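Since the structure comes first, as structure tokens, the remarks are kept for the end.
The values are calculated or read from the model by the stated rules, or taken from the named source; none is laboratory data. What you see is a predicted model; the values in this text were computed from it and never measured. Positions of Cβ are backbone-derived with ideal geometry, glycine not excepted, and every protein chain shown enters the neighbour counts. Ligands, DNA and RNA are excluded from the accessible area calculation, which covers all protein heavy atoms including side chains. Shrake-Rupley method; radii C 1.70, N 1.55, O 1.52, S 1.80 Å.
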Amino acid sequence: MRTLILFLLRFKTLFLFLGLELISFWLIVNNNQFQRNHFLSSSNVMVGSVYSLSDKVYKYFSLASVNATLAKKNEDLNTELVQLREQLAFYRQDASYAGRRYHSVQNNYSFITAKVIHFSAVNQKNYFTINKGENDNVKVGMGVVNERGVVGIINSTSSHFSTVMPIVNASSKTSATIKGKTRLGQLSWKGKDLQHATLEEVPLYIPVTIGDTIVTSGYSSTFPEGFMVGKVSSFTERNDNFYNIRVRLAVDFDQLSYVDVIKYQYAEEKAALEKRKGQGND
Amino acid sequence: MLSCVGFLLLQILLLNNIKFLGFITPYLYIYFILLLPSSVSKEMTMVWGFLMGLVLDIFCDTLGCNAFATTFVSFLKPYFQNFFGPKDDFDDMKPSIDRFGFNMFIQYVAYLVLIHHLVFFLIEAFTFSMFWYTLLKAVCCSIFTLLLILCFEYFKAKRR
């Protein structure tokens, strides 16, 4: 026991150092969503590489059956494509359909104007604070836009203030689509540059050109359909049949002053319904 | 104590808002750690560094990152001070250009600032995949911080 205490005393500087660094590391991993996700995923890289190696070996044994399945799938998809083209032509004729839907969407949303009072543009985890809170009916999960386009999502609220996770936050994920196409993509931010984000999960069969407009999809109640996100500034075709689209964001995050929080009239009703449906499946 | 609060306020209210060329922010607050006199024990230096980093983290939403980097630098500081500082034995020696000589002082500050920034940005990015970008950022920010420290030293020398 005595020797143990002597040992600890002798290296007290080193132990204090290690102790403080451990506390810091614990704080980092526990409190920052970005680092936590990364910590888990990087440990998964090792697991993944082992599996992919074994997978490579197994693949050769099943090539014939894989080919047959693919041919069948191709046939199915071609049939579906023809059907969808016919449907599309049908809907294009019915122009009032789109107008009606747009109108109903317009009526169920209202806006709460707020002023940006603090923007901490630290490198990966950007947040900003606005001067409206629970007293003004701002709730977690509501969308935030300004006159140029989509800004972000309410992250937490107090009675008079709220923090917003902008789309330029490494943890932010927003579904968006190319204007005129229905296929969804996921908008995320890779760090580095406040003016560009990345749109992924858009498959290669959809034609994309530089300058195409990216808008919100309207599938979640956070943003109504058709809000401006940005324009395609460049894109690359990846090996896995998806695009990697670089999006020039419409909002200038260096000059945020006033923003509008979007309130969906039936948000609670919709959430309750979707929750009930989830329970039914269990 | 007063200068500690002063450096923290300067960092939080002013320097964190500087984003020169979009990504260069000086982290001047570790200057306080570098200036601690040699009479402050190694353990106390580390506690100071940890607390300063923690306060800054709370204000910047980077919980732990600054604390980690600053504790690391506070751990190294006494050794660097012995290496670069004057070899004759002073009881209470406050690092400065006068005591160290210009060359040695610049090296002492530059190495520690660079180490701090590198550790901070690596922890903040939490990956080695953007290593060269992180390195570039750390070097650029270090140069900026170093220039600010030189300004401070210049005014201190002038006042005397």
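Volume of the convex hull of segment A:109-265 (Cα atoms only), normalised per residue: 99 Å³. By the Cα gyration tensor, segment B:2-159 has an equivalent ellipsoid whose semi-axes, rounded to whole angstrom, run 25, 17, 16 from largest to smallest. Over segment B:53-160, accessible surface divided per residue gives 51 Å², non-protein components excluded, 1.4 Å probe. A simple spin-label model places the labels of A:N31 and B:T127 2.4 nm from each other, with each point 7 Å out along Cα-to-Cβ. Extension gain for the segment A:K115 to A:E200, taken as residue separation times 0.36 nm less the Cα-Cα distance, is 27.5 nm to one decimal.
Going from the isolated chain to the complete set of protein chains, segment B:62-111 loses at least 50 Å² of heavy-atom accessible area (1.4 Å probe) at B:L63, B:F68, B:F75. In this structure the amide hydrogen of A:V138, modeled in the peptide plane, comes within under 5 Å of the amide hydrogens of A:G133, none closer than 5 places in sequence on its chain. The simple spin-label model puts a point 7 Å past each Cα toward its Cβ; for B:A110 and A:F11 those points are separated by 3.5 nm.
Here the calculated FRET efficiency for B:S39 and A:S220, from their Cβ-Cβ distance with R0 = 51 Å, stands at 0.25, rounded to the nearest 0.05. Interface A-B: total buried accessible area of about 2600 Å², 1.4 Å probe, protein heavy atoms only.
If you count Lys pairs in chain B whose Cα atoms are under 24 Å apart, skipping same-chain pairs closer than 8 places in sequence, the total is 11. Given a Förster radius of 41 Å and the C-beta distance between B:F20 and A:K173 as r, what FRET efficiency does 1/(1 + (r/R0)^6) yield to the nearest 0.05? Efficiency computed from Cβ-Cβ geometry: 0.85.
What whole number of Å gives the distance from the Cα centroid of segment B:70-88 to the Cα centroid of segment A:192-226? Cα centres, segment A:192-226 to segment B:70-88: 51 Å.
In percent, what relative contact order does segment A:117-219 have, based on Cα pairs under 8 Å that are 6 or more apart in sequence? Walk me through the intermediate numbers first.
Numbers: 204 pairs, mean separation 20.9, N = 103.
Relative contact order here is 20 percent.
Listed by chain and number, the lysines placed with their C-alpha closer than 22 angstrom to that of A:K72 are A:K59; residues fewer than eight positions away on the same chain are left out.
Rounded, prolate or oblate: which one fits segment B:77-130, using the alpha carbon gyration tensor with axes a ≥ b ≥ c (rounded when a/c is under 1.5, else prolate when a/b beats b/c, else oblate)? Write down the numbers at each step before the final one.
Numbers: a/c = 3.96, a/b = 2.81, b/c = 1.41.
Here segment B:77-130 falls in the prolate category.
Directionally averaged projected area (the protein assembly as shown, Cα convex hull): 31.9 nm².
In what sequence, largest accessible area first, do A:T69, B:T71 appear using a 1.4 Å probe? Can you show the working numbers first?
Numbers: A:T69 90, B:T71 0 Å².
From most exposed to least exposed: A:T69, B:T71.
Note on segment B:24-67: Cα Rg divided by 2.2 N^0.38 Å, N the number of residues, gives 1.21.
The label point for A:R238 and the one for A:D254, both projected 7 Å from the Cα toward the Cβ, are 3.0 nm apart. Which pairs break 31 Å Cα to Cα here: A:K190/A:K263; A:K115/A:K179; A:K115/A:K275; A:K173/A:K275? In this structure, A:K115/A:K275 exceed 31 Å between Cα atoms.
Taking trypsin sites (Lys or Arg not before Pro) across segment A:198-282, the ones in a DSSP loop with at most 16 further Cβ atoms lying within 10 angstrom of their Cβ are A:R238.
Looking at the square roots a ≥ b ≥ c of the eigenvalues of the Cα gyration tensor of segment A:188-282, which shape do they give, rounded for a/c under 1.5, prolate if a/b is larger than b/c, or oblate? List each step's numbers first, then the result.
Values: a/c = 2.46, a/b = 1.37, b/c = 1.80.
Oblate shape, in that a/c is at least 1.5 and b/c is the bigger or equal ratio.
Here the accessible area is traced with a 1.4 Å probe on the protein chains. For segment A:222-282, carbon and sulfur cover 45 percent of it. Using the Karplus relation 6.51 cos²θ - 1.76 cosθ + 1.60 with θ = phi - 60°, the per-residue 3J(HN,Hα) values for segment A:207-214 come to x, 10, 10, 5, x, 4, 8, 9 Hz, with x marking Gly and Pro. The value of relative contact order for segment B:1-115, using C-alpha pairs under 8 Å at least six residues apart, is 23 percent. For segment B:6-49, a drop of 40 Å² or more in accessible area on going from the chain alone to the assembled protein chains (1.4 Å probe) is found at B:K19, B:E43, B:M46. For segment A:124-201, chymotrypsin sites (Phe, Trp or Tyr not before Pro) are listed when DSSP marks them as loop and at most 13 other Cβ atoms sit within 10 Å of their Cβ; the list is empty. For chymotrypsin sites (Phe, Trp or Tyr not before Pro), the sites in segment B:56-124 that DSSP calls loop and that have at most 14 other Cβ atoms within 10 Å are B:F90.
Applying 1/(1 + (r/R0)^6) with R0 = 35 Å to the Cβ-Cβ distance of A:K190 and A:N135, what FRET efficiency is obtained, to the nearest 0.05? After rounding, the FRET efficiency stands at 0.45.
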